[in-house]
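Inspection log for the structure reproduced underneath, given as structure tokens.
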Amino acid sequence: MSDCPLLPNHFAGRWQTATDEGTPLLDPVKGTPLVRVGRAGLDLAEGFAFARTQGGNALRAMTYRQRATLLGEIVKVLQANRDAYYEIATANCGTVTKDSAVDIDGAIFTLGFYAKQGDALGDATCLLDGARIRMAKDPVFQTQHVMSPTRGVALFINAFNFPSWGLWEKAAPALLSGVPVIVKPATATAWLTQRMVKDVVDAGILPAGALSIVCGSSAGLMDQLQPFDVVSFTGSAETAKIIRSHPAVAEKSVRCNIEADSLNSALLDPAAAEGDEAFNLLVSEVAREMTVKSGQKCTAIRRVFVPRALYAAAAKAIGAKLAKYPVGDPRNESVRMGALVSREQFNSVTAGIAQIKTEAEVLFDGSESPLVDADASVAACVAPVLLGSKQPVNARVLHEVEVFGPVATLMAYDDEAQAYDLIRRGEGSLVCSLYSADPAFTARATLALADSHGRVHAISPDVAAVQSGHGNVMPMSLHGGPGRAGGGEELGGLRALGFYHRRSAVQASVAALDILAQTATPFTL
């Protein structure tokens, strides 16, 4: 594999190449090797210690405004190299250009957002959480809650579907908080993450140890965590269980954020009619969510709930939209949907479809059309599949199994209360979208479903032209969800900084609190 370069890791403040051959990363359409990654020979203890001391100390010595400036400089570097990132995404992720933009430009936008938010925090080194409270009759003794950056590292164990955004949506609030980052990208698509880190490191923007990347196996990374470190994981519920039960979390109380499986829903107003604005908005959004990044989004619509009377009409309309998505090699400009990231994911998705079929009928199957410039025996391409159930009340699999690909299930409901109950059977999701022209229904449905969802996205005719999309995660809004979705929280504007800070109650004289306040800024949400 001499013609397949081995990408270096940036760890302990220097570039280090694995001492073995590493793992090849493949083109998911052609099946050909592109680059290799590995971490054999890395001294994990050295790298984590270097990040904590060198990276952490240097970052914490800066103010929020200074760290925000660093984020702005990272934005410039990433923008200057966008073309290279798109080429890597096409080759290694199998995505068409518009889908790569969700990952690449979404990351740059998020970094820019936190650069502006951080600048507004000013030249402070800690945050004041709320107002002072008197603790005695004499007002000289009061308490003030303060948030300080944690003196540890932030370990990110990321998923394969967003190698760009998945890094920067976490790193932006971490670096702004003053916490050094160690990222372990999913191996299948690690090339894009590694290239972005390389560009930023080579530009000399960040202090040594502030940003590290370890490609390949994650074995032993959790063992390096200490009490003031934090870990953020995006991936399967099975891996999440392992992380939660690891001694670092269970015994050392390392702060842990999890984003796992999510059976996200779309709900059409029971008062909707075939062909009206709400109906058409749902149809368009479902088709879009099924096909963007080949359905490989943790926020993609998996379950679609419509009034029973509209089941057949919705199936026909969504199927007609999906039929307009040629699938194949993203290098062909006629292709609107590319590949899954690997044949492993191909096998997982096809097995998942078979499992869903045990409780649902096939309403649309895009595999009836040939792939474009792709060999079906080699390419990790799965065409959109819309399944359906007229009796979702009797189903179990439909509410428990997420197929991480271009697959959704249409379900009929009889009344509003039943729809809410069926949606809740997902046991916690990242997002639910509502489609209605009636603001009263939207408000009512939001209150009924908000407790089981990290985000409720309401699409009505008056916001149709400006709404951000069911599956698009925006940095000013919360990302995460209860229950099955992992119970974590990310983003949400400055709320994201809370994960990387420690809150402490300072009980002292007003004179001491006044001096403390000179180096702090009020933290209001």
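Annotations for the structure displayed:
- Residue-averaged [θ]222 nm for the chain, counting only DSSP H segments that reach four residues, each worth -39500 (n - 2.57): -10000 deg cm²/dmol
- On Cα atoms only, tilt of 343-356 relative to the major axis of the chain in degrees: 60
- Surface accessible to a 1.4 Å probe, per residue, for the residues of the chain, Å²: 38
- Signed unit charges on C-beta, dipole axis of the range 304-351, positive-most listed residue Val306, Ala320, Met337: Val306
- Cα centre as origin, Lys/Arg/Asp/Glu Cβ charges: the range 98-138 dipole, Debye: 360
- Under the convention that each Lys and Arg Cβ holds +1 and each Asp and Glu Cβ holds -1, the size of the dipole of the range 1-159 around its Cα centre is about 780 debye.
- Angle in degrees between helix 439-449 and the longest Cα principal axis of the chain, rounded to the nearest 10: 70
- For the range 52-131, carbon and sulfur atoms together expose 53% of the accessible surface, with a 1.4 angstrom probe and every protein chain in place.
- The charge dipole of the chain, taken about the Cα centre with unit charges on the Cβ atoms of Lys, Arg (+1) and Asp, Glu (-1), comes to about 1200 debye, rounded to the nearest 20.
- Centre-to-centre separation between the Cα atoms of the range 1-28 and those of the range 143-219: 18 Å.
- Inter-centroid distance (Cα atoms) of the range 256-332 relative to the range 86-118, Å: 23
- Carbon and sulfur %, accessible surface of the range 301-346 computed with the full protein complex present, 1.4 Å: 53
- Over 28 Å (Cα to Cα) - which of Lys198/Lys297; Lys30/Lys324; Lys98/Lys184; Lys76/Lys324; Lys241/Lys293; Lys30/Lys170 fall in this group: Lys76/Lys324; Lys30/Lys170
- Accessible surface of the range 419-478, 1.4 Å probe, proportion on carbon and sulfur as whole %: 57
- Dipole orientation for the chain: of the candidates Gln194, Ala376, Gln296, Gln194 has the Cα lying most toward the positive pole (charges on Cβ; Lys, Arg +1; Asp, Glu -1).
The values are calculated or read from the model by the stated rules, or taken from the named source; none is laboratory data. Keep in mind that what you see is a predicted model, and the values were worked out from it rather than measured. With ideal geometry, Cβ positions are generated from the backbone for all residues, glycine too; neighbour counts draw on all protein chains shown. Ligands, DNA and RNA are stripped out before the accessible areas are found, and what is left, the full protein with its side chains, is counted by its heavy atoms. Shrake-Rupley method; radii C 1.70, N 1.55, O 1.52, S 1.80 Å.
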